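A.B. asks: Once you've had a glance at the structure underneath, I'll fire off some questions.
The values are calculated or read from the model by the stated rules, or taken from the named source; none is laboratory data. What you are looking at is a predicted structure, and each value in this text was computed from that prediction instead of being measured. A quick note on method: Cβ atoms are made from the backbone with ideal geometry, for glycine too, and the neighbour counts reach across all protein chains shown. For the accessible areas, the whole protein counts, side chains as well, though only heavy atoms, and no ligand, DNA or RNA atoms are used. Shrake-Rupley method; radii C 1.70, N 1.55, O 1.52, S 1.80 Å.
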Amino acid sequence: MAGDSRILMDRNMEIGVTPAQVKKLPKHLREAQISTERTHLIYDPAKKPRQRYVQKDGKCNVHHGNVQETYRYLSDLFTTLVDLRWRLSLFIFTLVYVVNWLFFGFLWWLIALIRGDLLHADEEGWTPCVENLNSFVSAFLFSIETETTIGYGYRVITEKCPEGIILLLVQAILGSIVNAMMVGCMFVKISQPKNRAETLMFSQNAVISVRDNKMCLMFRVGDLRNSHIVEASIRAKLIRSQQTKEGEFIPLNQTDINIGFDTGDDRLFLVSPLIISHEINEKSPFWEMSMAQMEKEEFEIVVILEGMVEATGMTCQARSSYLDTEVLWGYRFTPVLSLEKGFYEVDYNNFHDVYETNTPACSAKQMAAKLRDGPLLPQLSLLSPEPKIHTFGVSGLDPLSQDEDKEERESGCDKGETNGSAAALEETPFADGLPD
């Protein structure tokens, strides 16, 4: 009995609580604790799945609910019809024509009924409004012939029927309007540039590494078609929750990510896959984020590629997004372009491939401060696409004092702290390029 009490006391001391505190825990927390060993408790809270703002295929994961002013959709009826799903669009397309033919067929049958053509159609000397119209079915067929201008010649309108002539004019005008609207909707729906966006590719991951002594966030875009996107441009947004200094909480706050708007690099000549680069500088939202801090952040990067389809001249937009777990620190994209005999060839098998590279784990702000004092990684050796294991205990490095070592670890830009398994530097003491 005493032994069991001692084991329980040791267990409570290991997890950092007292027996009284364990009893005060809520029921759902006490049930979530799983005992794997007699002296060790593991608490593994269920992680909520991250919700995307924009899917990888570009669909926005936002649903509009409790819309009271639904009449606004009818004010823009053409766009509403174009945005409908195909099965619903085909149903409305067929329904509009059938209802229109039935409506005017009923009016032709009503005129024949009022004039008495249905009763005196077989009498000699009787001039009907429409010859050979003797039932509702024949009136419906005449309505179809009139609106579609088929004109079989069996049923024809006579000149002694002014109301029929007026109805003929009305049906011809309204029929032209219905044809223009419905055929226009179907044509726009068929030629929508959404299908063109299916051949625009975005890399599965975004990467962060050093380019020209500057920390950069990069992702790759490509076009599978030989017909190019004219006037292509790209932009990016950072989506994350934010709390203002006044205490206001802003969910899904949008922040611009500069990917060359000032220099014109956001205007793309998208003939072969391109790597889009965002320089992490003072104006970047990632300026003070280190590798460790980024792993704790929750954000989403939405990228938008726009341009005109060369074949149709219509504007096309392709979208994708990268969650914080899809941003890889210390990687670069594998080259996909090679020079063949008389042409350049793109290997799309390597489009999403990345390889590790030497990258400081500190923030861009800390790296810029180190670079002002001296080169952070002097004489960086050329990197091959095959990743190499970086050994931290390299022989030949001058040992640093404990205080200096602790200070550099806290800054994240010490001599050997990179992304963890990047290519090793060849006998180059990092400490020589660091300030004392």
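A.B. asks: Are there any chymotrypsin sites (Phe, Trp or Tyr not before Pro) in segment 224-326 that are in a DSSP loop and have at most 11 other Cβ atoms within 10 Å? List them by number. Mind dumping the intermediate values first?
C.D. replies: Numbers: sites: Phe249, Phe261, Phe269, Phe286, Trp287, Phe299, Tyr322; in loops: Phe261, Phe269, Phe286, Trp287, Phe299.
Listed in order of number, the matching sites are Phe269.
A.B. asks: To continue, here is another question. Ranked highest first by average number of other Cβ atoms within 10 Å, how do 97-104, 74-81 line up? Don't jump to the answer; show the numbers that get you there.
C.D. replies: Numbers: 97-104: 16.2, 74-81: 11.9.
Highest to lowest by the protection proxy: 97-104, 74-81.
A.B. asks: From the cross-link list Lys283/Lys365; Lys214/Lys245; Lys245/Lys370, which pairs have alpha carbons spaced over 19 Å apart?
C.D. replies: Beyond 19 Å between Cα atoms: Lys214/Lys245; Lys245/Lys370.
A.B. asks: Further, regarding this structure: Would you mind checking Lys59/Lys237; Lys59/Lys296; Lys56/Lys194 for any pair whose Cα atoms are more than 20 angstrom apart?
C.D. replies: Result: Lys59/Lys296 exceed 20 Å.
A.B. asks: Follow-up. Near Glu145, within a Cβ-to-Cβ distance under 14 Å, what is the net charge of the other residues, with Lys and Arg +1 and Asp and Glu -1? Provide the component values of the computation, followed by the final result.
C.D. replies: Working: positive: Arg155; negative: Glu131, Glu147.
In short, -1.
A.B. asks: About the Cα centre of segment 47-105, what is the dipole size in debye to 20, counting +1 per Lys and Arg Cβ and -1 per Asp and Glu Cβ, all else neutral? Numbers along the way, then the final one.
C.D. replies: Values: 9 positive and 4 negative charges, 140 e Å.
Roughly 680 debye for segment 47-105.
A.B. asks: Give me Rg over Rh for segment 118-163, both radii from the alpha carbons and Rh done the Kirkwood way, two decimal places. Walk me through the numbers before you get to the answer.
C.D. replies: Numbers: Rg = 10.7 Å, Rh = 11.2 Å.
For segment 118-163, the value is 0.96.
A.B. asks: Sticking with this one: Consider a paramagnetic label point 7 Å from the Cα of Ile144 along Cα→Cβ; state which residues of segment 101-120 have an amide N under 12 Å from it.
C.D. replies: Hits in segment 101-120 for Ile144 at 12 Å: 101-102.
A.B. asks: Also, quick follow-up: Under the definition of Cα pairs under 8 Å and six or more residues apart, what whole-number percent is the relative contact order of segment 196-301? Please list the in-between numbers first.
C.D. replies: On the way: 158 pairs, mean separation 31.1, N = 106.
Once normalised by length, the contact order is 29 percent.
A.B. asks: At what distance in angstrom do the alpha carbon centres of segment 217-253 and segment 171-208 lie from each other?
C.D. replies: 24 Å
A.B. asks: Between beta-carbons, use under 11 Å as the cut-off and find the net charge around Met308, counting Lys and Arg +1, Asp and Glu -1. List each step's numbers first, then the result.
C.D. replies: On the way: positive: Arg196; negative: Glu231, Glu306, Glu310.
Summing Lys/Arg as +1 and Asp/Glu as -1 gives -2.
A.B. asks: Under a Cβ-Cβ cut-off of 10 Å, what is the net charge of the residues other than Arg235 that fall near it, where Lys and Arg count +1 and Asp and Glu count -1? All intermediate terms of the calculation are to be shown ahead of the outcome.
C.D. replies: Details: positive: Lys237; negative: Asp256, Asp266, Glu306.
Result for the neighbourhood of Arg235: -2.
A.B. asks: Solvent-accessible area per residue for segment 236-385 at a 1.4 Å probe radius, Å²?
C.D. replies: Values: 8480 Å² over 150 residues.
Heavy-atom accessible area per residue stands at 57 Å².
A.B. asks: Quick check: convex hull of the Cα atoms in segment 143-255, volume per residue, rounded to a whole Å³? Provide the component values of the computation, followed by the final result.
C.D. replies: Numbers: hull volume 30.0 nm³, N = 113.
Once divided by residue count, the hull of segment 143-255 is 265 Å³.
A.B. asks: Here's a follow-up. Remind me, relative contact order of segment 271-346 in percent, using alpha carbon pairs under 8 angstrom and six or more residues apart? Please report the intermediate quantities before stating the final value.
C.D. replies: On the way: 58 pairs, mean separation 19.1, N = 76.
About 25 percent, as a whole number.
A.B. asks: Just the number: Rg to Rh for segment 245-363, Cα atoms, Kirkwood Rh, two decimals. All intermediate terms of the calculation are to be shown ahead of the outcome.
C.D. replies: Working: Rg = 17.7 Å, Rh = 17.5 Å.
Radius of gyration over Kirkwood radius for segment 245-363 works out to 1.01.
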